[in-house]
Structure formats: C-alpha cells, structure tokens
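K.L.:
Handing you a structure now.
Please treat every number below as a calculation from the coordinates, not as lab data. Because the structure is a prediction, the values reported are computed rather than measured. Backbone-built Cβ (ideal geometry, glycine too); neighbour counts: all protein chains shown.
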Amino acid sequence: MSNLTRSISVFFLLISILNNTYAADKAKIIENIDARFQAHQDIALKIYDYAELGYLENKSSALLKNTLRDAGFRLEEGVANIPTAFIAEAGEGKPVIALLAEFDALPGITQSADPFRNEIPAKASGHACGHHLFGTASLGAAIAIKEWLEKNNVKGTVRLYGTPAEEGGSGKVYMVREGLFKDVDTVLSWHPGSENVATVKPSLANRSAKFRFHGVSAHAAAAPHKARSALDGVEAFNNMVNLLREHVPQETRIHYVITEGGHAPNVVPDFAEVYYYVRHPFAENLKSIWSRVEQAAKGAAMGTGTTVDWEIIHGNHSMLPSKIIATVMDKNLKIVGGVAYSKKEQEFAEKIYLTLNSPELALGSEKIIQPIKYKGSMGSTDVGDISWNVPTGEFRSATWVPGTSAHSWQAIAAGGMSIGVKGMQVSVKTLALTAIDLFENAELVKKAKAELQKRRGKGFKYEPLLGDRAPPLDYRK
C-alpha cells in the first residue's frame, strides 16, 4: 500500500470514528432529554395553569429563571426595561447560539384539558397558542446544550432569551431595539403546532394601535343636538377603513375590535376606543397602508365633530427565515421522529378531531416528519424582527391534534395533557441537536450569515415598526 493510499484510508477511518462518536453523542442527548420528561411536563403545566398575559407573566418568568439558575446559567433579569424579560447563558466565547422562550397566554379564551368544549369561568385567559410548551422546550434544550458543551469541552455560548408578550406586545422587538442580539450568531426558534415540520415561511409584518375618540356627552333623547358621539367617530372610522379594503394590495389584512363604546344607550358616549391590526408581507407597504388608516381616523373625527388620538401598541417585521438552518432542523427532526400516541391519547385525539372544522391534516400525521414548508404564513410574530438581524431558523412540532388551529379551545385542551408534552419533547430534542450541529460546524454558521446578508439586500437598515415608544407594560390590564 502506498503512503498516499494509507493516508487516505486513515483519513476516512478517522471520519468514520468521528461520525460514529457524533451519532452516539446525539443518542445520549436524546436519552437524557427523555429522562427529563416529567420535569419538563411539570414546568409546562405549571405555566399552563398560570395562563398569564403579556408583560404580566411574573410567575411563569420566575419559574423559568429559577430553573435555569439552578442548572448553572448566568442570568440577566428585567432586560429592555421589561420586568418579565431575561437572558440566561452558559459557556464562553463564540459562536453564540440563542434560543427563544415565550410564555404568555391569550385573553378571552379558556378551556380544560378535556376533548370537549369546557370553559373555566374562573379563568379569563388560556394557552391557546401553546407558549407554555414553547418556553419549556427551549429551557430543556438550553440545559441539554449546556451539559454537552461542558462534557465535550466545546468552546461557545448557549443563550436563552425569555421573551414576554409575543401576543400583540412585541416583547422581542424591544430586546432587538436594545441591541441584545448584536453578538448572536444564530437563533433557533420553534412553535407549537399540529404537525412536525421545518419551515422557511415568511410571515406578515404587523402594526397595531388603539384609536381613541373624544366627544361630548348629553342625554341621547332630551339633548342629542348638544352631544358629539365618540362612538360615531369609531363607527365612521371603521366604515371608512372597510371601504379602504378594496383599494389596498390583496395580501393586506386589517382587523379590529371596539374596546370601548359607551355604557348606556341614553348617554351619548364622550369616549370610545377601537383596537386595530394592519398586516402586509412587506414593511414598507405596511407603512403606506397604515398612513391611510391614520388619515381615515382624522377624517372620521372631523366628520363627527370629535377628536382622535392613537397609541401604537406593537409592530413586527415579517419573518425572514434561514433556509440553511431550516435544513439542519429538518435533518434533526427526522432523527428525533414524530409523536406516538398511547391508547388513551388516541381516544382523546379522535374526540378532538371530530370537533375540528375542515382539518387539513389526518389523524396519524403526528407520527410523520413533513417536508420543509416554504409557503408563506398569514400570521405575524415578533420573531420576525430578530430574523432580519440574526440568521433564524424555525420549525413546528405536533403538540396539538392534527388539523387543530392555533388560538382555539382544542389547542388549549391538547396542550394541557400528555399529547402537548410529547410534542414538546420532540422540540426539546430537535433544538438541542440543531444547536450541536452549529457548534460543530462553523461553516454552517458562516453560510447562514451570508444567506441573511443576501436576502436583506444592500443598504438594509433595520427600523422597528413600533418606533421609540416604551414597552406597553399595561396593554393587557
């Protein structure tokens, strides 16, 4: 055998040994995460029971922080002037691989962990978007990654961002605005869902505001001529915006709720408020549409003899997801596999499935890893702002019965029992294995950064859509 042939053989033997060691490493990590199933379930279901709204997640945030502190993480609390926001990190140096942890609930929807509609009168909120699972999975993955870094003496930092108020509060945007992601190399995110899939899906940019009309009160029957109805202002505004819908790009989404409209029919209201969301795939188009909405508010006030002011509540950029990272996530989802229901869980799922309206997924698909999805999403998320600043990958795991919509009672039901926790465990493992791939392969990180630069284009300058306002810590009160 020649020296060259011998050298080549040795090289491939070393590669084979490294690959086998690497596979064994991943198998051990999966085993360790499985061993923590009960601990992860306990944390997730406590946050599920708390069901705290955006910027009010005091108990949920404290539980996550205390668990991370006990696991040896360094903590920075109350970041970006948000009491429930935090950063936890372990390890040293580059690369910095970050995970996101959400933990806020939604108002106005409650449900027990039962496969039939069962509201809980004593609760005014519920985890209909599964953020109790989101935050817990990221925590579990961060701990697994920390242990792997220490065991293998690998240089690098794992960092978990506790991100409050995703539901309409844009907590992450304030953290981005404060420069808290400037030294991060890649961000790994996931979301509860009804299928297992890595996604390269753009979302919609989004801005919201509360428009407040002020008028003059009077007796609605005895002296209506002396009154100027703030509710008339809101209704005229809504009518004008509804006419506007015909003359905006078809991808636009506009929705609103009247949050204050008076208290008695015989009293002309001197105050009324309407809460608006406006969405579009591109931030620049959103800004021009938003300007027209503001003009409609001014016109409505002028026409009804009232005055109007408004407060921007939140603003999110669209998602700019990394295909490079999604490909790594897809590979690791396939290693981890989907969700296997027990007999009891199957019976639960079958009952839930009967309540779903035109489900697009079949029962049994929870076991499958779907091909990477590229189709855009009509939703919005404050992860979008991160994704324009740091290469960001995202996937979903089947924490809900296939075909379940987010923000539904069915999502709360499955998220409060073992189906949700099993799906969450898929995410714990996938996040941990993906982070390890990025720590092991500097070229992946480099490619993800180059991909982001190319997709943003030359001259890109990030500007938050919510301007310079302070976090709206009372927006859910």
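K.L.:
Kindly provide the trypsin sites (Lys or Arg not before Pro) of region 54-96 that DSSP labels as loop, not H, G, I, E or B, and whose Cβ sees at most 11 other Cβ atoms within 10 Å.
P.N.:
Here no trypsin sites (Lys or Arg not before Pro) fit, given the DSSP loop and packing criteria.
K.L.:
Taking the Cα centre of the chain as origin, sum charge times position over the Cβ atoms of Lys and Arg (+1) and Asp and Glu (-1), and report the length of that vector in debye to the nearest 20.
P.N.:
Details: 54 positive and 51 negative charges, 236 e Å.
Using Cβ point charges on Lys, Arg, Asp and Glu, the chain gives about 1140 debye.
K.L.:
Subtracting the Cα-Cα distance from 0.36 nm times the residue separation, let me have the gained length for residue 440 to residue 294 in nm, one decimal. Numbers along the way, then the final one.
P.N.:
On the way: separation 146, 0.36 × 146 = 52.56 nm, distance 5.01 nm.
Taking residue 440 through residue 294 to full extension adds about 47.5 nm, to one decimal.
K.L.:
Shifting gears a bit: Please work out how much length the chain gains when fully extended from residue 119 to residue 407, using 0.36 nm per residue of separation minus the C-alpha to C-alpha distance, in nm with one decimal. Each step should come with its number before you reach the end.
P.N.:
Numbers: separation 288, 0.36 × 288 = 103.68 nm, distance 1.41 nm.
Going from the current span to full extension adds 102.3 nm.
K.L.:
What does the charge count near residue 146 come to, summing +1 for each Lys or Arg and -1 for each Asp or Glu among other residues with Cβ under 14 Å from its Cβ?
P.N.:
Spelling it out: positives minus negatives among the neighbours equals +1.
K.L.:
Moving on. Taking the alpha-carbon distance from residue 226 and a cut-off under 30 Å, which lysines remain once sequence neighbours fewer than 8 residues away in the same chain are dropped?
P.N.:
210, 298
K.L.:
Here's a follow-up. What is the sum of charges, Lys and Arg at +1 and Asp and Glu at -1, for the other residues whose Cβ falls under 9 Å from the Cβ of residue 321?
P.N.:
Details: positive: 201, 323; negative: 394.
Overall, the nearby charge balance is +1.
K.L.:
Sticking with this structure for a sec: If you add up the charges near residue 378, with Lys and Arg at +1 and Asp and Glu at -1, over every other residue whose beta carbon is less than 9 angstrom from its beta carbon, what do you get? Could you put the intermediate results ahead of the total?
P.N.:
Numbers: positive: 253, 279; negative: 251.
My count for the surroundings of residue 378 gives +1.
K.L.:
Where does region 205-316 land on Rg(C-alpha)/(2.2 N^0.38 Å)? Walk me through the intermediate numbers first.
P.N.:
Values: Rg = 14.8 Å, N = 112, 2.2 N^0.38 = 13.2 Å.
Here the answer is 1.12, to two decimals.
K.L.:
Describe numerically, in nm with one decimal, the distance between label points set 7 Å from Cα along Cα→Cβ at residue 377 and at residue 74.
P.N.:
3.2 nm
K.L.:
Moving on to the next point. Say the cut-off is 25 Å between C-alpha atoms; which of 155/449; 287/449; 375/454 go over it?
P.N.:
Working: 155/449 19 Å; 287/449 27 Å; 375/454 20 Å.
Long pairs (Cα-Cα over 25 Å): 287/449.
K.L.:
Given the chain, what percent of its DSSP beta bridges are antiparallel, to the nearest 5?
P.N.:
Once the DSSP bridges in the chain are tallied, antiparallel ones form about 70 percent.
K.L.:
Another question, then. Within a 10 angstrom radius of the beta carbon, how do 369, 29 rank from fewest other beta carbons to most? Don't skip to the end; give the middle numbers.
P.N.:
On the way: 369 24, 29 21.
By the 10 Å Cβ count, ascending: 29, 369.
K.L.:
Report the full-extension gain for the segment residue 81 to residue 309: residue separation times 0.36 nm, less the Cα-Cα distance, to one decimal in nm. Could you put the intermediate results ahead of the total?
P.N.:
On the way: separation 228, 0.36 × 228 = 82.08 nm, distance 2.53 nm.
Contour length minus Cα-Cα distance gives 79.6 nm.
K.L.:
Restrict the search to region 302-384; then list the chymotrypsin sites (Phe, Trp or Tyr not before Pro) that DSSP places in a loop and that have at most 15 other Cβ atoms within 10 Å of their Cβ. Don't jump to the answer; show the numbers that get you there.
P.N.:
Working: sites: 310, 341, 348, 353, 374; in loops: 341, 374.
Listed in order of number, the matching sites are 374.
K.L.:
Ok, one more. Sticking with the crude label model, points 7 Å out along Cα→Cβ, report the distance from residue 25 to residue 363 in nm, one decimal please.
P.N.:
4.2 nm
K.L.:
Past 26 Å, Cα to Cα, is the threshold; run 28/367; 26/172; 123/373 against it and keep the listed order. Spell out each step's value before the answer.
P.N.:
On the way: 28/367 22 Å; 26/172 31 Å; 123/373 36 Å.
Cα-Cα > 26 Å for 26/172; 123/373; rest within.
K.L.:
Please get the size of the charge dipole for region 205-316, origin at its Cα centre, with Cβ charges of +1 on Lys and Arg and -1 on Asp and Glu, quoted in debye to the nearest 20.
P.N.:
Details: 11 positive and 11 negative charges, 25 e Å.
With only Lys, Arg, Asp and Glu charged at Cβ, the dipole is about 120 debye.
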